[in-house]
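For reference, the structure discussed in these notes is given below.
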Amino acid sequence: MAVHALTGLSMVSFLSLGYLSWDWVKPDQMENEPFSDFKGRKPEFKPRQPPHIIFFMTDDQGFHDIGYHGSVIRTPTLDKLAAEGVKLENYYVQPICTPSRSQLITGRYQIHTGLQHSIIRPRQPSCLPLDQATLPQKLREAGYATHMVGKWHLGFYKRDCLPTRRGFDSYFGSLTGSVDYYTYASCDGPGVCGYDLHEGEEVAWGRGGKYSTHLYTQRVRKILATHDPRKPVFIFMSFQAVHTPLRPPKGYIYPYRAMGNVARRKYAATVSIVDEAVHNVTYALRKYGYYQNSVIVFSTDNGGQPFTGGSNWPLRGRKGTYWEGGVRGLGFVHSPLLRRRRRVSRALVHITDWYPTLVALAGGNVSRADGLDGFNVWPALSEGQESPRREILHNIDPLHTRAPHGSWRDGFWIWDTGVQAAIRVGDWKLLTGDPGHGDWVPPQMLTNFPGNWWNLERGTGLRESLWLFNVTGDPFERQDLSRQRPDVVRELLARLAHHNRTAVPVRFPPEDPRGSPHLNGGAWGPWVGDEEGEREDNDLGRTPRRKGWSKGKSKKKKKKCKICKLKSFFRKLNTRMMSNRI
Ligand SMILES: [Ca+2]
């Protein structure tokens with residue numbers, strides 16, 4: 001046992017030393033390039049035409065899973081684009097899919113959309129609130145063509161929730177949280193599986209079979225090839241990758257054949273395919289005349305899941321937790337329009353900031369009166385100005401299981417520390433309730449991971465319900481300062497209480513059995529009709545009166561025999577597959 005411990009600690013120390021080579025802990029190495037575009041000419045501060053905006057979002061890519069963070073995963077395109085642009089090294093996302101995506105699209109914290117708790121499950125009659133303007137709607141108002149390709153995961157129980165009703169001119173992708181990369185099967189528990197690939201508001205039967213990252217890249221290239229670059233375009237490319245189930249083509253696994261850990265090997269290959277996709281889209285941007293007047297944003301949606309190959313090392317925690325490993329995002333901006341490029345930005349940036357930042361870049365209208373929680377951080381990103389953001393409310397989730405030892409007394413009668421919540425103010429971060437597993441999980445270098453080595457780094461303090469860290473000085477959250485600094489604890493608890501006063505009720509309705517794919521032609525899609533949708537939240541328990549897909553289904557009746565084999569396949573699949581719940 002002692003040998004195990006010594007070996008483990010030595011290797012952890014070794015990896016920590018390697019980590020010191022990252023550029024985000026060496027600000028003295030920041031390099032600024034003179035203000036010029038790549039042909040040496042000064043670009044105009046305000047382009048004559050609003051810039052094209054390409055937003056790449058990966059799914060579950062961990063903080064350690066990109067080349068420039070010292071990963072063994074090779075991402076030459078992402079490394080190059082980031083190196084030539086601005087790396088965001090004080091950037092935050094939410095710990096799971098729906099919350100991050102909802103905040104990107106609305107510019108609002110979850111406490112202001114009712115989506116505080118968990119993801120939207122496929123059979124839940126819930127979606128992004130329809131009364132709040134979305135980023136693509138604002139960009140469309142500003143004259144943009146708006147296209148989305150890939151994962152939605154913001155609800156679809158009625159047509160009004162679909163991407164094409166929430167601001168996108170076109171949509172091609174999957175509505176649920178996790179699909180098979182080839183078959184586009186998505187399961188929500190045993191026996192509840194359906195096909196999930198959609199073109200606009202219809203099921204794209206027969207379009208599967210091609211690896212999703214390749215399929216989505218093909219679609220984005222087609223958009224770029226057919227759109228007129230004189231008109232601004234917004235493309236949200238929301239990869240299915242690098243979420244499970246990982247099934248990269250063999251050819252991409254081969255370069256990682258020396259990796260002992262199978263999950264990590266597949267994961268690495270999946271990330272490399274994303275890198276190739278970004279290369280191909282960027283090439284198309286240049287080829288079709290968009291690049292010079294474009295802004296490219298790259299962001300993960302949440303931290304990595306070590307048990308399926310991801311890594312957030314040396315950060316604490318993982319996907320689904322409020323430790324830094326869950327919420328500290330990897331991201332960068334690349335654009336010839338950046339005034340100071342080739343640098344690392346430590347400006348505090350949150351995923352809600354993209355909404356006001358990109359709408360402002362587009363020449364659209366946003367104001368604090370819109371009730372946004374995001375800030376326009378473009379001056380911070382482009383010119384290195386100070387970030388207007390001082391604080392991030394990571395979340396307050398009143399439905400999450402209470403921490404058994406939390407109390408109002410521990411929260412100085414300001415806050416009930418049994419409630420799951422996390423907030424960042426300046427250098428300080430405070431967590432209450434149950435933040436999720438607080439382990440430090442090293443990269444999966446061992447074939448039998450997770451094993452004893454991982455156990456050495458398990459977080460302790462199971463009786464705790466309140467933590468305070470100086471995350472600027474201690475980004476790995478190793479030293480809880482809550483007892484030393486009760487003054488700071490009180491201050492941050494008061495901020496939590498302040499934010500909580502503006503929270504709207506949580507929307508987390510029970511699952512509606514009518515949403516099952518076998519009642520909807522074998523596919524996931526809206527199951528509540530438009531008329532009933534108007535009476536939503538009132539009588540969802542009534543006798544099913546399915547609409548939505550029925551119209552498209554009748555149109556396709558003659559084609560039914562062509563797709564019957566596919567549907568039969570999904571019926572059989574229902575008996576075999578389990579859901580990947582987030
Ligand atoms: Ca995710």
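Within segment 61-95, work out how many residues are among the basic types (Lys, Arg) and over 20 Å from Ser294 (Cβ atoms).
So in segment 61-95, the residues among the basic types (Lys, Arg) come out as 74, 80, 87.
Remaining after also requiring over 20 Å from Ser294 (Cβ atoms): 74.
Selection size over segment 61-95: 1.
Of all positions in segment 325-338, at least one carries a residue that is basic (Lys, Arg) and within 16 Å of the ligand (Cβ to nearest atom). Against the test of being more than 16 Å from the ligand (Cβ to nearest atom) and touching a residue at least 60 places away in the same chain (Cβ under 8 Å), the options Ala225, Ala258 yield a single qualifying residue, Ala225.
When the residues of segment 386-414 are filtered to those that are acidic (Asp, Glu) and in a strand (DSSP E or B), the one that is farthest from Ala83 (Cα to Cα) is Asp397.
Could you go through segment 197-204 and let me know if any residue there is within 21 Å of Cys97 (Cα to Cα) and either surrounded by fewer than 24 Cβ atoms within 10 Å (Cβ to Cβ) or in the same structural domain as Gly310 (by TED's automatic domain parsing) (or both). Among the residues of segment 197-204, at least one is within 21 Å of Cys97 (Cα to Cα) and either surrounded by fewer than 24 Cβ atoms within 10 Å (Cβ to Cβ) or in the same structural domain as Gly310 (by TED's automatic domain parsing) (or both), which makes the answer yes.
Okay, residues lined up against (1) modelled with pLDDT under 95; (2) within 16 Å of the ligand (Cβ to nearest atom); (3) hydrophobic (A, V, I, L, M, F, W, C):
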site: Gly251; (1), (2), (3): no, no, no
site: Ala268; (1), (2), (3): no, no, yes
site: Val278; (1), (2), (3): no, no, yes
site: Gly309; (1), (2), (3): yes, yes, no
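Residues in segment 61-81 that are assigned to a loop (DSSP other than H, G, I, E, B) and either away from the ligand (no atom under 13 Å from the Cβ) or in contact with a strand residue (DSSP E or B) (Cβ under 7 Å, 6 or more places away or on another chain) (or both): Gln61, Phe63, His64, Ile66, Gly70, Ser71, Val72, Ile73, Arg74, Thr75.
For segment 294-340, taking the residues that are aliphatic (A, V, I, L, M) and over 21 Å from Thr270 (Cβ atoms), the one that is surrounded by the fewest Cβ atoms within 10 Å (Cβ to Cβ) is identified as Leu337. Counting just the residues of segment 369-385 that are of a type in the set (Gly, Ala, Ser) and in a loop (DSSP other than H, G, I, E, B), which one comes out surrounded by the fewest Cβ atoms within 10 Å (Cβ to Cβ)? Ranking the qualifying residues of segment 369-385, first place goes to Gly371.
Among the residues of segment 280-307, those identified as away from the ligand (no atom under 16 Å from the Cβ) and within 18 Å of the chain's Cα centre (by Cα) are Ile296, Val297. Taken over segment 357-379, the criterion of being more than 17 Å from the chain's Cα centre (by Cα), within 20 Å of Val425 (Cβ to Cβ) and touching a residue at least 60 places away in the same chain (Cβ under 8 Å) is satisfied by Leu372, Asp373.
Let's see how each residue does on (1) modelled with pLDDT under 95; (2) within 16 Å of the ligand (Cβ to nearest atom); (3) under 11 Å from Asn395 (Cβ atoms):
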position: Ala83; (1), (2), (3): no, no, no
position: Val86; (1), (2), (3): no, no, no
position: Glu89; (1), (2), (3): no, no, no
position: Gln94; (1), (2), (3): no, yes, yes
position: Pro99; (1), (2), (3): no, yes, yes
position: Leu104; (1), (2), (3): no, yes, no
position: Ile119; (1), (2), (3): no, yes, no
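Does any residue of segment 331-350 turn out to be touching a residue at least 60 places away in the same chain (Cβ under 8 Å) and under 30 Å from Pro510 (Cβ atoms)? Within segment 331-350 (the criterion being touching a residue at least 60 places away in the same chain (Cβ under 8 Å) and under 30 Å from Pro510 (Cβ atoms)), the answer is no, since none of the residues qualifies. Going through segment 350-368 one residue at a time, which ones are over 21 Å from Ala145 (Cβ atoms), surrounded by 24 or more Cβ atoms within 10 Å (Cβ to Cβ) and out of contact with any helix residue (DSSP H, G or I) (no Cβ under 7 Å at 6 or more places or on another chain)? Of everything in segment 350-368, those that are over 21 Å from Ala145 (Cβ atoms), surrounded by 24 or more Cβ atoms within 10 Å (Cβ to Cβ) and out of contact with any helix residue (DSSP H, G or I) (no Cβ under 7 Å at 6 or more places or on another chain) turn out to be His350, Asp353. Within segment 489-502, residues that are part of a helix (DSSP H, G or I) have Cβ atoms under 7 Å from residues that are aromatic (Phe, Trp, Tyr) and surrounded by fewer than 19 Cβ atoms within 10 Å (Cβ to Cβ) in these pairs: Arg490/Phe412; Leu493/Phe412, counting only partners at least 6 apart in sequence or on another chain.
The set of residues in segment 205-218 being closer than 24 Å to Gly522 by Cα, surrounded by 17 or more Cβ atoms within 10 Å (Cβ to Cβ), at pLDDT 95 or above and not hydrophobic (A, V, I, L, M, F, W, C) consists of Tyr211, Ser212, Thr213, Tyr216.
The values are calculated or read from the model by the stated rules, or taken from the named source; none is laboratory data. Not measured: the values here are computed from a predicted model. Every residue, glycine among them, receives a Cβ derived from its backbone with ideal geometry; neighbour counts consider all protein chains shown.
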